[in-house]
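Throughout, read-outs are computed from the coordinates displayed, never taken from laboratory work. As the structure is a computational prediction, the values presented were derived from the model and not from experiment. Because the Cβ atoms are built from the backbone with ideal geometry, glycine has one as well, and the counts that use them run over all protein chains shown.
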Amino acid sequence: MRNYGQFCPIARGSEILAERWTPIILRNLLLGCRTFNEIAAGAPGLSRALLTRRLRELEHAGVIRIRPKPDGHGSLYEPTAAGRDLWPMLLALGRWAERWTEVTTEHADPASTVVPHDLLSAHG
């Protein structure tokens, strides 16, 4: 994670959340993805190595918890209270993008997990 070297809450939050793919990983977790493969399926184009690194960074930052699956094969990923607290911010980012950016079918990937428009408006 980058360190901006500033005594500013926005800078500190950005050190954790403004890394490429991190908001998408969080979106997937907050929408209920719990396994590595579920998270990866909702982020086409994200390499498995980078996903592994981002998940470790989020755990280290206290945003997610990683624990072994009950059968001992693989891990389960879940947001902590700090991670769940990020949902309104992600929804606000989505609302901002709906208003100020053009999202067209060229931005769509049928394999990706998306936040339906009604979820954006229902929580805001």
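Going by how many other beta carbons lie within 10 Å of each one, how would you line up 66, 16, 10, fewest first? All intermediate terms of the calculation are to be shown ahead of the outcome.
Numbers: 66 13, 16 18, 10 10.
The most exposed by this proxy come first: 10, 66, 16.
Explain nothing, just the number: relative contact order of the range 1-116, from Cα pairs under 8 Å at least 6 residues apart, as a whole percent. Numbers along the way, then the final one.
Working: 98 pairs, mean separation 29.3, N = 116.
Taking the mean separation of contacting Cα pairs over the length of the range 1-116, I get 25 percent.
Between residue 105 and residue 66, full extension at 0.36 nm per residue minus the direct alpha carbon distance yields a gain of 10.6 nm.
Taking the number of other C-beta atoms within 10 Å as the exposure measure, put 36, 7 in order starting with the fewest. Can you show the working numbers first?
Working: 36 17, 7 7.
Placing the least packed residue first, the sequence is 7, 36.
Lys and Arg at +1, Asp and Glu at -1: add these up for the other residues within a Cβ distance under 11 Å of residue 78 and post the number.
On the way: positive: 34, 65, 67, 84; negative: 59.
Value of the local net charge: +3.
Ranking of 58, 86 by neighbouring Cβ atoms within 10 Å, starting from the fewest: 86, 58.
Within the shell defined by Cβ-Cβ distances under 13 Å, the residues around residue 4 carry a net charge of 0, with Lys and Arg each +1 and Asp and Glu each -1.
When only alpha carbons are used to place a centre, the range 43-111 and the range 19-42 end up 3 Å from one another.
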